[in-house]
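Asker: Pasting a structure here, questions to come.
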Amino acid sequence: MANKAPAQCQSCGERAGWKCTGESNKGFSVGKAAAGGLLLGPIGLVGGALGKKKKTYYCQNCGFREDYDA
């Protein structure tokens, strides 16, 4: 399921004050590491450590904050 950032705040509908406040890599995927290990050996295990890039968005109008896939 894709969790892409919307063009406006989900809480109040603000468009102008809906800003990206940061970006990070989050999460170790055990399933991804196991599958990569079976298919590609030790190099595949590293794939599970990469995680996903996330962007944090913040609404200046209502204070709603949420992480979305980059």
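The values are calculated or read from the model by the stated rules, or taken from the named source; none is laboratory data. Source: prediction; values computed, not measured. All Cβ positions, glycine included, derive from the backbone under ideal geometry; neighbour counts span all protein chains shown. Heavy atoms of the whole protein, side chains included, go into the accessibility calculation; ligands, DNA and RNA do not. Shrake-Rupley method; radii C 1.70, N 1.55, O 1.52, S 1.80 Å.
Asker: What pairs can you find where one residue is in the stretch 52-70 and within 13 Å of Arg15 (Cβ to Cβ), the other is part of a strand (DSSP E or B) and open to solvent by 60 Å² or more (accessible area, probe 1.4 Å), and their Cβ atoms are less than 6 Å apart, with a gap of 6+ or different chains?
Answerer: Tyr57/Cys20; Tyr57/Glu66
Asker: Of all residues being open to solvent by less than 90 Å² (accessible area, probe 1.4 Å) and closer than 28 Å to Arg65 by Cβ in the stretch 33-52, which is modelled with the highest pLDDT? Just the residue, please.
Answerer: Ranking the candidates gives Gly51 first.
Asker: In addition: Restricting attention to the stretch 1-26, which residues are charged (D, E, K, R), in contact with a strand residue (DSSP E or B) (Cβ under 9 Å, 6 or more places away or on another chain) and at pLDDT 90 or above?
Answerer: The answer is Glu14, Lys19.
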